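J.: Can you read through this structure? Questions will come right after.
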Amino acid sequence: MAGRKGGIVDVLGLYVHVPFCSAICNYCNFNRGLFDEALKTRYVDALVREIARTGEAGGTGRADTIYFGGGTPSVLEPAEIARIAKACSEAFDVTADREMTLEANPETVTADRLAAFRDAGVNRVSFGVQSFRDEELRRLSRLHGAARAREAYAGARTAGFDNVSLDLMMWLPGQRVEDWMCSVDEAIALAPEHLSLYLLEIYPNAPLKEEMARARWSQAPDDDAAAMYVEAMERLEAAGYRQYEISNVARPGRESRHNLKYWTDGEWLGFGCGAHSTRDGARWKNVSATADYVDRLDSGEPVAVDVRRLSRAERLGDALFTGLRLARGLDEDAIARRYGVDVWQQYGRDLEPFLENGLLTRCDRRIRLTRRGMLLANEVMAVFV
Ligand code: SF4
């Protein structure tokens, strides 16, 4: 049965986590590990078992997106992607028009592999490009160079993909605003349907932090980071992209349907180690360690931990928090219908100062972050937490 909230039936998104990478990048804080052929084989079996088990438990429903994220899902063989997708279709009523995204690193794909992924049912590829400048990619210890990224992109087009996304990262060590804009311009010239732009965050124990200290690389001042964000968004808009979320732009109609579920109070099930799920007012997370996940599925033990039923207040808080990430803003009427809460009445007093200093706007019963507000989103969103 599909999830129901306030009479609204949600079509699920399915997320499949693939925790393997060919090398570990010096800034990475994701749930991932080095590729290990034997463990990968067991992991794919475990994934298929977890998906089937959800089906047997009667937890199925309609799903219209499948998203392979990681890690580096493109280190799997196309046949393995096909097998996991088939398990999804057997356990869920996957719609014919489903969006099936594969996150891919440029160095893991060839035109032939991309064609095989397409045959496996993938219809959207999201490349982790990060930069079109070799020097920056080396500093991030990425395995690919700019030429390899261009080649991968061309390979996707040759394979017939008409929905391609590129990830770029700004505020890299030693990166100036003009360096960043070179990458943005190059991305625009390739004309993908979708782009995600992230600010590099350097977590305390990241090897990159030490390398930066040794090599005396620093990140540009905060004002430059803000300029990188604003100038990129303006240039992308001038090129026909529409910003629909703090970090995401797309050609009209090419927004990520899967990721929109996270920002529109939707429901999703995550499979694989460390994957999160949200359904029917409950939230849970799978065990993080790959071997632990595989062992548990082998022995028939549950993989979900931290299962929590969310209170109405928590669900409302999440809906407000994530909804504000969208460029179209929070729909006060939709929140009132779903949660019976008048957002402005409840939070207006705390939000008013942000309206006055130009971080928020309120119009037609929608509350939106301005572009400057998007840079300081956490401060505004703290009102809802
Ligand atoms: S490829 Fe992605 S997930 Fe893998 S180590 Fe690098 S940043 Fe992390």
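The values are calculated or read from the model by the stated rules, or taken from the named source; none is laboratory data. Fair warning: this is a prediction, and the values are worked out from it, not measured in the lab. Please note: Cβ atoms are built from the backbone with ideal geometry, for glycine as well, and neighbour counts cover all protein chains shown. Side chains included, ligands, DNA and RNA excluded: accessible areas come from the protein's heavy atoms. Shrake-Rupley method; radii C 1.70, N 1.55, O 1.52, S 1.80 Å.
J.: Could you tell me the convex hull volume per residue, in Å³, taken over the Cα atoms of the stretch 62-135?
T.: 92
J.: On to the next question. Going highest first, how would you order 296-302, 100-106, 51-57 by mean Cβ packing within 10 Å?
T.: Ranked by mean Cβ neighbours within 10 Å, highest first: 100-106, 51-57, 296-302.
J.: So what are the radius of gyration and Dmax for the Cα set of the stretch 285-339, in Å?
T.: 17.4, 48
J.: Given N residues in the stretch 103-158, what is Rg(Cα) / (2.2 N^0.38 Å)? Please list the in-between numbers first.
T.: Values: Rg = 11.5 Å, N = 56, 2.2 N^0.38 = 10.2 Å.
Here the Cα radius of gyration is 1.13 times the empirical estimate.
J.: I'd like to check one number: the per residue accessible area of the stretch 283-354, probe 1.4 Å, reported in Å² as a whole number.
T.: Accessible surface, normalised per residue, equals 52 Å².
J.: Ignoring ligands, DNA and RNA, please state the percent of accessible area on the chain from carbon and sulfur, probe 1.4 Å. Intermediate results must be reported in sequence, preceding the final value.
T.: Details: 8300 of 16690 Å².
Result for the chain: 50 percent of the exposed heavy-atom area is carbon or sulfur.
J.: Right, here's the next one. Find the Rg to Rh ratio for the stretch 190-253, where Rh is the Kirkwood radius over alpha-carbon pairs and Rg uses the same atoms.
T.: 1.10
J.: Now a separate question. For a bin width of 10 Å, list the pair-distance distribution of the stretch 231-283 built from all Cα-Cα distances, rounded to whole %.
T.: For the stretch 231-283, the pair-distance distribution reads 21, 38, 25, 15, 1.
J.: Also, I was wondering about something else. Using square roots of five times the C-alpha gyration tensor eigenvalues, list the equivalent-ellipsoid semi-axes of the stretch 18-102 in whole Å, biggest first.
T.: Three semi-axes, in Å: 25, 14, 11.
J.: Give me the log10 of I(q) over I(0) for the stretch 226-385 at q = 0.09, 0.10, 0.20 Å⁻¹, as the Debye formula computes it from C-alpha points; what are the numbers?
T.: Ignoring solvent entirely, the Cα scatterers give -0.38, -0.47, -1.25.
J.: Just to confirm my numbers, what's the Cα centroid distance between the stretch 107-123 and the stretch 44-105 in Å?
T.: With the stretch 107-123 and the stretch 44-105 each reduced to a Cα centre, they are spaced 16 Å.
J.: So, one more: Averaging sequence separations of C-alpha pairs under 8 Å and six or more residues apart, then dividing by the length of the chain, give the relative contact order as a whole percent. Don't skip to the end; give the middle numbers.
T.: Numbers: 694 pairs, mean separation 58.4, N = 385.
Relative contact order of the chain: 15 percent.
J.: Only helical DSSP H runs with n ≥ 4 go in: add -39500 (n - 2.57) per run for the chain, normalise by residue count and round the 222 nm mean residue ellipticity to 500 deg cm²/dmol. Write out the running numbers ahead of the final one.
T.: Numbers: 15 runs with 162 residues, N = 385.
Calculated at 222 nm, the ellipticity per residue is -12500 deg cm²/dmol.
J.: Hey, what's the stretch 69-144 come to in accessible area per residue, 1.4 Å probe, Å²? Please list the in-between numbers first.
T.: Values: 2680 Å² over 76 residues.
Per residue, the stretch 69-144 has an accessible area of 35 Å².
J.: How large is the convex hull of the Cα atoms of the chain per residue, expressed in Å³ as a whole number?
T.: Spelled out: Cα convex hull of the chain, divided by residues, is 140 Å³.
J.: State, in angstrom, two size descriptors of the stretch 22-169 derived from its alpha carbons: Rg to one decimal place and Dmax to the nearest whole number.
T.: According to the Cα coordinates of the stretch 22-169, Rg and Dmax are 16.0, 51 Å.
J.: Output needed: Cys residues of the chain lacking any neighbouring Cys C-beta below 4.7 Å, sorted by number.
T.: When partners are defined as cysteine Cβ atoms under 4.7 Å apart, the chain leaves C21, C88, C182, C273, C363 without one.
J.: So with the 1.4 Å probe, I'd like the accessible area per residue for the stretch 177-253, rounded to whole Å².
T.: Working: 3780 Å² over 77 residues.
Result: 49 Å² of accessible area for each residue.
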